[in-house]
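Only the coordinates and a few stated rules stand behind these numbers; no lab work does. Because the structure is a prediction, the values reported are computed rather than measured. Cβ placement follows ideal geometry from the backbone for every residue including glycine, while neighbour counts extend to all protein chains displayed.
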Amino acid sequence: MAVVSGLLLLMLSILFVEARTQPNQFGEIHLGSQLSPISNLHSWQSPSGNFAFGFYSQGNGFAVGIWMMGQPNNTVVWTANRDDEPVSFNATIHLSEEGKLLLRTEQGNENLIANVSEVAASASMLDSGNFVLYSGSSVIWQSFDYPTDTILVGQNLTYSDKLVSSVSSSNHSSGRFFLAMQADGNLVAYPTNSAGLSVDAYWASNTYQDSKKGLSLYFNHQGFLFMDTVSKKPVLLARSSYPCNNKTTIFRATLDADGIFRLYSHCLENKTSRSVHIEWSALNNQCDVQGFCDFNSYCSGMGTNADCSCYPGFAFNDPSEKFSGCYKNVPESFCTGTKEGQMYDVITVENILFERYPYSVLDEKKENCGLSCLEDCLCDVALYKNERCEKYTAPIRYGKKDINESSIAFFKVKPTPAAPPMSLTIIIESKKSLLLFLAIAFGSVTFLCFVIAISTFCVYRDRAYLYEKLSGIISLAGEFTLRSFSYSELEKATSGFREELGRGSIGAVYRGTIPGGDRTVAVKKLEKVLDEGEKRFRAEITVIGQTYHRNLVRLLGFCVEGSRRVLVYEYLRNGTLADLLFQSERRPIWKERVRIALDIARGILYLHEECQACIIHCNITPQNILMDDSWIAKISDFGLSKLLYPDEIRSSMALSQSRGHMAPEWQNNALMSVKADIYSFGVVLLEIICCRSSIKVDVSTPDEMNLPSWAYQCFAAGQLDKLVKDEDIEFESLERMVKIGLLCVQHDPALRPCIKNVILMLEGSDDIPAPPAIAPFRITA
């Protein structure tokens with residue numbers, strides 16, 4: 001009898017716990033309730049069963065959110081912590097006894113779903129699609145206050161709120177577009193990677209008012225989407241027109257993954273089936289969405305049948321994802337008339353339009369517009385429109401093809417073998433008989449010489465190859481201690497060049513282990529270096545191998561086999577200065593940043609004045625500065641540009657460089673000097689000071705886009721604290737560093753200090769003059 005009673009009590013306790021985890025008839029959820037993605041109870045439903053809160057499948061795991069029940073698929077309307085990684089099937093949602101709504105992961109971490117200071121007493125999934133937490137009868141938190149990409153009936157989008165599109169219909173992480181309620185009462189849609197300026201907007205409600213109070217976008221139960229204001233009566237944006245024949249209807253307004261804001265109605269046929277209708281769409285043409293196709297690509301097509309294509313001379317960043325944008329697949333530093341004989345072709349595309357902020361505008365005829373771009377090193381594309389020739393530099397954004405646009409774009413592309421001129425073709429045709437006679441006359445002689453050459457090659461091939469290889473290694477060994485690798489050795493050391501560490505302007509870098517040892521190295525395959533022959537390459541390697549300094553990355557070896565050029569460097573595991581400044585969770589403290597600046601300056605001093613041959617780096621950027629195990633800065637990729645010898649000044653450089661760090665001399669193809677490196681160092685120094693890149697689009701004001709001009713504005717206004725927000729830095733040290741950086745980025749090379757004086761100023765041993773004014777950053781016609 002006692003055993004039966006015990007079993008009965010156990011069953012009652014299980015039923016009691018199960019009952020407490022289920023919402024009651026009013027949708028109330030008690031403390032202690034929990035959900036699991038693999039249990040029967042993976043969600044809490046609203047009383048009507050139209051909405052549910054809990055786990056839904058996303059990718060290879062699960063996300064937490066609210067969805068509208070329906071067939072064949074549920075419709076997600078809200079996601080908690082949407083940019084977190086999906087959790088595993090072992091995760092659980094808890095409305096804990098302590099009154100907190102938590103997500104517990106498989107690793108035992110507890111993440112707050114609702115971050116509130118008050119203690120919740122219960123929760124409820126309402127029929128409106130709103131999930132709420134209560135303290136007594138008061139609502140202390142609700143999902144309606146934190147919209148993701150959707151608003152529902154009864155939900156308001158107020159001033160400072162915004163909707164952010166999802167990545168796709170199956171991935172509800174933050175996507176590529178957002179819809180924001182602005183202070184002026186205007187509801188505006190932008191690409192997320194833009195600065196949110198008026199030029200970036202692609203749709204707006206065009207509702208304005210002076211007061212910031214009372215601004216909201218809301219639904220009523222009839223499916224009317226209103227803009228509510230204080231001083232004016234509500235403005236109707238959209239309304240439902242599809243009759244559901246007295247059936248239950250649920251409305252939602254969603255900023256879809258394609259960037260278009262739409263109003264939907266869901267007619268409930270029965271508890272498991274419903275029909276979905278688009279009641280209103282903010283835009284009818286997909287190509288009107290700014291940024292639908294990313295940088296260097298353009299949108300074509302009408303309606304929702306849009307496609308993205310790369311401009312001539314560009315290739316997709318990700319061929320499987322056409323919205324990923326394109327990159328320029330040719331070197332960028334060649335101009336017509338260089339001694340290498342490199343020339344560009346021009347491809348024309350009609351009816352193209354993109355963001356129009358040219359760096360130069362000319363009154364040229366159409367036939368001269370493309371030629372003007374060819375002769376300009378900075379020009380990537382010229383646009384002829386309204387009898388004006390506008391020149392642009394990549395990246396190019398917001399491109400679309402519209403047959404109603406009367407424009408012609410001239411794209412500078414990689415040279416292709418050209419057909420002979422018409423006059424030459426005529427001459428050849430008229431002298432066919434002469435060519436035939438010459439061919440017959442010299443045919444036998446040529447054939448005889450060919451046979452002799454082949455025979456000679458076969459006899460002496462092996463001996464000549466061994467002699468050349470041995471003599472090359474011996475001559476190099478007498479000059480510097482570099483190891484000569486075979487290509488197969490490096491292929492084996494890198495497991496077939498599998499682990500890529502990074503990619504630069506002239507090739508990719510791979511991680512490897514030297515055969516016969518356990519030393520990790522960085523192997524750089526030179527893909528875009530000028531082919532001036534093995535002798536010239538070995539000569540340049542000789543100079544690089546003789547350079548050794550604490551602040552330079554050490555060259556350990558090389559490989560020269562046919563057209564293959566590979567360099568082997570020491571491996572630095574702490575990455576680049578760009579990673580440390582721009583991506584690290586903790587920015588370096590001020591003293592560390594000053595020390596790093598000195599490290600870089602000392603490395604440049606060695607290149608300019610202390611090594612055997614003066615080397616102009618030509619590409620000093622945070623991406624080309626590496627950090628060793630002791631966080632000492634070391635300059636990489638030096639000597640890969642043309643070398644500057646005391647008796648030979650080279651002005652034509654073959655390596656491309658980030659234009660944010662490029663000295664003004666590059667723009668007019670002037671002679672290069674060591675002062676070009678001083679300019680680049682000045683930009684890097686300002687980046688070290690501010691822990692931000694020299695060109696930044698996502699800024700609060702346009703003045704902040706270009707770092708050197710913004711730094712000078714802050715210096716002139718006595719507001720240097722704007723450059724280092726929320727940091728405790730001695731003002732005198734900050735002012736000294738900024739003044740040095742501004743002296744280095746002067747437009748006139750003669751006004752820039754030499755690197756030795758820069759080091760003295762950084763160390764505090766030399767006085768720093770007041771830097772001259774720097775012209776504000778703007779587009780010039």
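General observations
- Summing charges over neighbours of His172, with a neighbour being any other residue whose Cβ is under 10 Å away from its Cβ, gives -1 when K and R count +1 and D and E count -1.
- Residues whose placed amide H lies under 5 Å from that of Leu501, excluding near-sequence neighbours: Val509, Tyr510, Arg511
- Overall form of the stretch 297-413 per C-alpha gyration tensor (a/c, 1.5; a/b vs b/c): oblate
- Pairwise Cα distances in the stretch 577-763 exceed 24 Å for 35 percent of all pairs.
- Neighbour counts of other Cβ atoms within 10 Å put Glu364, Glu704 in the fewest-to-most order Glu364, Glu704.
- Global form of the stretch 690-781, assessed from the alpha-carbon gyration tensor, a/c cut-off 1.5: oblate
- Long pairs among Lys385/Lys696; Lys328/Lys385; Lys328/Lys400; Lys675/Lys696; Lys391/Lys414; Lys322/Lys524, criterion Cα-Cα beyond 27 Å: Lys385/Lys696; Lys322/Lys524
- For peptides 168-178, 293-303, sequence by mean Cβ density within 10 Å, most packed first: 293-303, 168-178
- Shape category assigned to the stretch 54-132 from the gyration tensor of Cα positions, a/c cut at 1.5: oblate
- For Val76, the residues whose modelled amide H falls within less than 5 Å of its own, excluding neighbours fewer than 5 places apart on the same chain, are Met68.
- Evaluated with a Cβ-only charge set (Lys, Arg +1; Asp, Glu -1), the stretch 297-413 carries a dipole of roughly 100 debye about its Cα centre, given to the nearest 20.
- Net charge of the neighbourhood of Lys725, taken over other residues with C-beta under 12 Å away and scored Lys/Arg +1, Asp/Glu -1, is -2.
- Magnitude of the charge dipole, the stretch 147-282, Cβ model with Lys/Arg +1 and Asp/Glu -1, debye to 20: 360 debye
- Shape summary of the stretch 147-282, radius of gyration then Dmax from alpha carbon positions: 15.2, 47 Å.
- Sequence of Lys233, Lys696 once ranked by neighbouring C-beta atoms within 10 Å, starting from the fewest: Lys233, Lys696
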